1. Yes or no: residue 32 touching a His at 6+ places or on another chain (Cβ under 8 Å), of a type outside the set (Lys, Arg) and either within 24 Å of residue 127 (Cβ to Cβ) or at pLDDT 95 or above (or both)?
2. Please verify whether residue 128 is part of a helix (DSSP H, G or I), farther than 14 Å from residue 189 by Cα and open to solvent by 40 Å² or more (accessible area, probe 1.4 Å), treating the condition exactly as stated.
3. Restricting attention to region 164-198, which residues are open to solvent by 30 Å² or more (accessible area, probe 1.4 Å), at pLDDT 95 or above and in a loop (DSSP other than H, G, I, E, B)?
4. Only one of 242, 221 is open to solvent by 30 Å² or more (accessible area, probe 1.4 Å) and either modelled with pLDDT under 95 or in a helix (DSSP H, G or I) (or both); which?
5. Which condition breaks for residue 122 when tested against (1) over 13 Å from the mean Cα position of the chain (by Cα); (2) buried (at least 20 other Cβ atoms within 10 Å of the Cβ); (3) of a type outside the set (Lys, Arg)?
6. Condition test on residue 201, is it at pLDDT below 95 and open to solvent by less than 10 Å² (accessible area, probe 1.4 Å)?
7. Considering only residues that are in a helix (DSSP H, G or I) and surrounded by fewer than 16 Cβ atoms within 10 Å (Cβ to Cβ), which ones fall in region 131-163?
8. Please specify each residue of region 59-74 satisfying the condition of being within 24 Å of residue 23 (Cα to Cα) and under 18 Å from the mean Cα position of the chain (by Cα).
Amino acid sequence: MGILDGKRILVTGVLTDASLAFAVARRAQAEGAAIVLTGAGRGLSLTKRTARKLPDPPDVLELDVTEPAHVDGVRDELARRWDGLDGVLHAIGFAPPACLGGGFLEAGWDDVAVALHVSAYSLKALTVGLLPLLAKAPGASVVGLDFDARVAWPAYDWMGVAKAALESTARYLARDLGSTRVRVNLVAAGPIKTMAARSIPGFERFEDVWADRAPLGWDITDPEPVARACVALLSDWFPMTTGELVHVDGGYHAMGA
């Protein structure tokens, strides 16, 4: 038996088989979950191709989290398939180029608003949109992927601000959804070489120092430790944990120098 036997999980954010969300989807299936993926816009066809690389290729639903009708459509489609939803992986983030790479002082509100909407507010929009299904499951779990926003990172700029907003959003959701027994937690992952990471100017600066400073070391090509943490939080093994930020970064976050 796997720790997700009988669980029904929605996984967002799968683009390629290098995506962190892909590793979570693969591990969730290995632990017994039934999953459905989502994709958006021009990436939808890529998500559908990538889904075929999973051991049990799942269906892919269209979801642009900035469109309330899409969230409603995903909820209605899942309701037709399942009588409840046990878990959601929120692996959604985007910032326009002006918001990354050292232009923090120059980025305008129109670009910053996109970063905040897609990368932070979407956690609230998706969770609340799916709440009628999550509330039907005993102890449902929402898990979001994060990059620790307690410090200012080179080149990360307004995406770092968006991640700080994501972390705060998760805490407020945890507060307001506790009465429904829906848990909301984040996993702060160390840097992994994904398509999203490659879009960040200066990402190689993380690669150069992370493994040296992390007490446990760090492999930027191995998403499995992050996937296992997400699956554990999606399971019943953390029934009284909510509003938490779990670091899976080799211990880097705890080191002063």
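1. Working: touching a His at 6+ places or on another chain (Cβ under 8 Å): no; of a type outside the set (Lys, Arg): yes; either within 24 Å of residue 127 (Cβ to Cβ) or at pLDDT 95 or above (or both): yes.
It is false that residue 32 is touching a His at 6+ places or on another chain (Cβ under 8 Å), of a type outside the set (Lys, Arg) and either within 24 Å of residue 127 (Cβ to Cβ) or at pLDDT 95 or above (or both).
2. Working: part of a helix (DSSP H, G or I): yes; farther than 14 Å from residue 189 by Cα: yes; open to solvent by 40 Å² or more (accessible area, probe 1.4 Å): yes.
When the stated conditions are applied, residue 128 passes them.
3. 181
4. On the way: 242 fails: either modelled with pLDDT under 95 or in a helix (DSSP H, G or I) (or both).
Being open to solvent by 30 Å² or more (accessible area, probe 1.4 Å) and either modelled with pLDDT under 95 or in a helix (DSSP H, G or I) (or both) holds for just one of 242, 221, which is 221.
5. Single failed check for residue 122: (1).
6. On the way: at pLDDT below 95: yes; open to solvent by less than 10 Å² (accessible area, probe 1.4 Å): no.
No: the conditions fail for residue 201.
7. Narrowing region 131-163 to residues in a helix (DSSP H, G or I): 131-134, 157-163.
Listed by number, the list holds a single entry, 132.
8. At the first step, the residues of region 59-74 found to be within 24 Å of residue 23 (Cα to Cα) are 59-65, 71, 74.
Of everything in region 59-74, those that are within 24 Å of residue 23 (Cα to Cα) and under 18 Å from the mean Cα position of the chain (by Cα) turn out to be 60, 61, 62, 63, 64, 65, 71, 74.
The values are calculated or read from the model by the stated rules, or taken from the named source; none is laboratory data. No experiment lies behind these values; they were computed from the predicted model shown. With ideal geometry, Cβ positions are generated from the backbone for all residues, glycine too; neighbour counts draw on all protein chains shown. Surface accessibility is based on the protein's heavy atoms, side chains included, excluding ligands, DNA and RNA. Shrake-Rupley method; radii C 1.70, N 1.55, O 1.52, S 1.80 Å.
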